[in-house]
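Working notes, beginning with the structure itself.
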Amino acid sequence: MNSNAYFREYSARAASGSAVLPRCGHCSTVFMPPRAACPECGAADPGWMPANGAAGTLYSFTVMGEGAQERIIGLAELDAITDGSKFYAQLLCDDTSQLTMGAAVTVGTADLGSGELVPVLTLRGAGND
Amino acid sequence: MSATSAPHHRDALDIMADSALAAVRDSGLSLKDIDGIFTATAQVDLPTLALSEHLGITPRYLDSTVHGGASNLSHIHHAVSAIRDGKCEAALVVYGSTQRTMLKATGKRPAVASCPPVESLYNPLFPISSYALMAQRHMLEFGTTRRQLSSVAVAASRWGALNPAAQRRDIISAEDVTASPKISSPFHKLDCCLITDGAGAVVVTTAQRAARLGRAPVAILGSGEYSSHEGMMAMKDLVRTGAAVSSQAAFAQAGLGPADMDVAQVYDAFTINTILLLEDLGFCAKGTGGQFIEEGHTSPGGRLPTNTSGGGLAFSHPGMFGIYTVLEAMTQLRGQGGDRQVPGAAKAVAHGIGGTMSAHTTLVLGG
């Protein structure tokens, strides 16, 4: 895997309960994934903004496994992200029939079984608020 | 390095050498004429050096560009520049993989790509889930149907049935696709490519030298390369790919357009690929690829015979399928397609992708 310092920081902050998004200190562009330079202006070493509770809409999704093994990956357009890039995370949702384009989602953190908190998306709606 | 010593065992380097020797023989050149080496593989360390020494080549141009399944098309794109620049005159482009053998022997499949870091936090089925996200978005945005996705695999199987070298020779139905195990929605198993061993090689040289050799050369009329992202987050539009950029460059250089193509060979690792790539190469309007394929236009007898080998879905998929898009285009342009020959095929487009629709290379070829 192509691990790097920005990914490790992103994961470490989530592990401590703070989901974050990279934000350029120069032009304020907010983007994903974390990386060494702002994709918009090229400034090096972008900073971070808090993302717990960040809102957005579902852009696409895929469901793997069935029953207790079911897992959903969601790709979301977050209001906070300004360059058109997407937020990728496991999507917590009790009812896959609610998975539609544009469904409201929020960012948080959860332990998905690894013993560590990771960023997640939650579908806003019946049973998921 | 492989540890096996079974009597019929072939390592990746063995089948790469077999392909290289066959391609050089086919070209009318000798190994001693080869002065450029271009190769990518997940299984040979320092592959340009290992393969060159193995074949007794001392190249003055070396390129081991690796960006997944577009690599070998990029090698050809790069070889054109190197040859035009006088840096080499006879370039050998080689691929090989024994991933199926390795998977059976060790339970692990050698690969050049790994899941990007943030995505890896969720242990997705990489790369299947990435393409599944594209397929789901295409369905949401354009109304592409599950049956239209299936029609891609059905068309591939109809071509594979005509290809004696195809791994899959049986013609499947749309119902077979949705009856196969669910993998990562909307994909079922038969939406996904085969896992095979395989190798291939191409010799690139000047038009003048090729004409002197007189071995039915295929002309490289245009080529283009492009990348906009590696992973899914930086792919800003999941249903509009970099193929639009690379193909525009290739078609412009060739002075031709999609309407001039007699056959199309596009990298079909998953059913959505053929839909996205035919749209972005300009063969049908954005959003209508599923309908185009379901109507039969890409099938045997259709107006745009596509993936006439059976493609990655029915013919073979040895990790990086790119070289086979080129080899099948050449087969068609040389009239060597046997039962699957497209009558009078004179112009072809070959398109390779790497990563998760991340790297794109287009070649426009002429007979």
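The values are calculated or read from the model by the stated rules, or taken from the named source; none is laboratory data. Source: prediction; values computed, not measured. Note that each Cβ is placed from the backbone with ideal geometry, even for glycine, and that neighbours are counted across all protein chains shown. When the accessible area is computed, the model is the full protein with side chains, heavy atoms only, and any ligands, DNA or RNA have been set aside. Shrake-Rupley method; radii C 1.70, N 1.55, O 1.52, S 1.80 Å.
When the criteria are applied in full, residue A:27 fails the requirement of being in a loop (DSSP other than H, G, I, E, B) and loosely packed, with under 14 Cβ neighbours inside 10 Å. Restricting attention to the stretch B:104-119 and to residues that are open to solvent by 60 Å² or more (accessible area, probe 1.4 Å) and touching a residue at least 24 places away in the same chain (Cβ under 8 Å), the residue that is nearest to the other protein chains (Cβ to nearest Cβ) turns out to be B:112.
Take residue B:290 and tell me if it is touching a Ser or Thr at 6+ places or on another chain (Cβ under 6 Å), within 27 Å of residue B:103 (Cα to Cα) and in contact (Cβ under 8 Å) with a residue 24 or more places away in the chain. In short, no. Scanning the stretch A:94-105 for residues that are open to solvent by 20 Å² or more (accessible area, probe 1.4 Å), part of a loop (DSSP other than H, G, I, E, B) and within 13 Å of chain B (Cβ to nearest Cβ) turns up A:100, A:101, A:102. When the stretch B:270-292 is filtered for residues that are outside any loop (DSSP other than H, G, I, E, B), within 15 Å of residue B:304 (Cα to Cα) and of a type in the set (S, T, N, Q), the ones remaining, listed by number, are B:274, B:291.
Among the residues of the stretch B:20-70, the ones that are closer than 18 Å to residue B:326 by Cβ, of a type in the set (D, E, K, R) and more than 22 Å from the chain's Cα centre (by Cα) come to 1 in all. Here the condition is being hydroxyl-bearing (Ser, Thr, Tyr), in contact (Cβ under 8 Å) with a residue 60 or more places away in the chain and crowded, with 19+ Cβ neighbours inside 10 Å; of B:150, B:129, it holds for B:150 alone.
The single condition from (1) assigned to a helix (DSSP H, G or I); (2) away from every other protein chain (no Cβ under 13 Å); (3) under 26 Å from residue B:196 (Cα atoms); (4) at pLDDT 95 or above that residue B:93 fails is (1). Hey, residue A:62 hits all of (1) exposed (fewer than 14 other Cβ atoms within 10 Å of the Cβ); (2) facing chain B (nearest Cβ under 10 Å) but one; which does it fall short on? Of the numbered conditions (1) exposed (fewer than 14 other Cβ atoms within 10 Å of the Cβ); (2) facing chain B (nearest Cβ under 10 Å), the odd one out for residue A:62 is (1).
If only residues of the stretch A:106-121 that are under 10 Å from the mean Cα position of the chain (by Cα) and more than 12 Å from every other protein chain (Cβ to nearest Cβ) are counted, the one that is surrounded by the most Cβ atoms within 10 Å (Cβ to Cβ) is A:107. Does residue B:194 satisfy being within 14 Å of another protein chain (Cβ to nearest Cβ) and either assigned to a helix (DSSP H, G or I) or open to solvent by less than 40 Å² (accessible area, probe 1.4 Å) (or both)? In short, no.
Matching residues to (1) in contact with a strand residue (DSSP E or B) (Cβ under 8 Å, 6 or more places away or on another chain); (2) open to solvent by 60 Å² or more (accessible area, probe 1.4 Å):
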{"site": "B:76", "(1), (2)": "yes, no"}
{"site": "B:84", "(1), (2)": "no, yes"}
{"site": "B:89", "(1), (2)": "yes, yes"}
{"site": "B:94", "(1), (2)": "yes, no"}
{"site": "B:102", "(1), (2)": "no, no"}
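If you filter the stretch B:204-237 down to residues that are part of a loop (DSSP other than H, G, I, E, B), more than 14 Å from chain A (Cβ to nearest Cβ) and in contact with a helix residue (DSSP H, G or I) (Cβ under 8 Å, 6 or more places away or on another chain), you find that the one that is farthest from residue A:86 (Cα to Cα) is B:215.
Checked against the criteria, residue B:201 does not count as at negative phi, free of Cβ contacts under 8 Å to residues at least 24 places away in the same chain and either more than 14 Å from every other protein chain (Cβ to nearest Cβ) or of a type outside the set (Val, Ile, Thr) (or both). Would you pick out the residues in the stretch A:65-91 that are outside any loop (DSSP other than H, G, I, E, B) and open to solvent by 60 Å² or more (accessible area, probe 1.4 Å)? Of everything in the stretch A:65-91, those that are outside any loop (DSSP other than H, G, I, E, B) and open to solvent by 60 Å² or more (accessible area, probe 1.4 Å) turn out to be A:67, A:68, A:69, A:71, A:77. Looking at (1) of a type in the set (Gly, Ala, Ser); (2) within 8 Å of another protein chain (Cβ to nearest Cβ); (3) surrounded by fewer than 24 Cβ atoms within 10 Å (Cβ to Cβ), which one does residue B:161 not meet, given that it meets all the others? Checking residue B:161 against (1) of a type in the set (Gly, Ala, Ser); (2) within 8 Å of another protein chain (Cβ to nearest Cβ); (3) surrounded by fewer than 24 Cβ atoms within 10 Å (Cβ to Cβ), the one that fails is (2). Candidates are the residues of the stretch B:324-341 that are assigned to a helix (DSSP H, G or I) and polar (S, T, N, Q); the one that is nearest to residue B:354 (Cα to Cα) is B:325.
Among the residues of the stretch B:91-111, are any closer than 21 Å to residue B:32 by Cα and not hydrophobic (A, V, I, L, M, F, W, C)?
yes
Go through the residues of the stretch A:34-50 one by one and say whether even a single one is assigned to a loop (DSSP other than H, G, I, E, B), within 12 Å of the chain's Cα centre (by Cα), surrounded by 15 or more Cβ atoms within 10 Å (Cβ to Cβ) and within 13 Å of chain B (Cβ to nearest Cβ). Checking the stretch A:34-50: at least one residue is assigned to a loop (DSSP other than H, G, I, E, B), within 12 Å of the chain's Cα centre (by Cα), surrounded by 15 or more Cβ atoms within 10 Å (Cβ to Cβ) and within 13 Å of chain B (Cβ to nearest Cβ). Looking only at the stretch B:293-323, which residues are in a helix (DSSP H, G or I) and open to solvent by 30 Å² or more (accessible area, probe 1.4 Å)? Matches in the stretch B:293-323: B:294 only. Residue B:28 meets each of the listed conditions (1) of a type in the set (Gly, Ala, Ser); (2) open to solvent by 20 Å² or more (accessible area, probe 1.4 Å); (3) closer than 30 Å to residue B:277 by Cα apart from (3).
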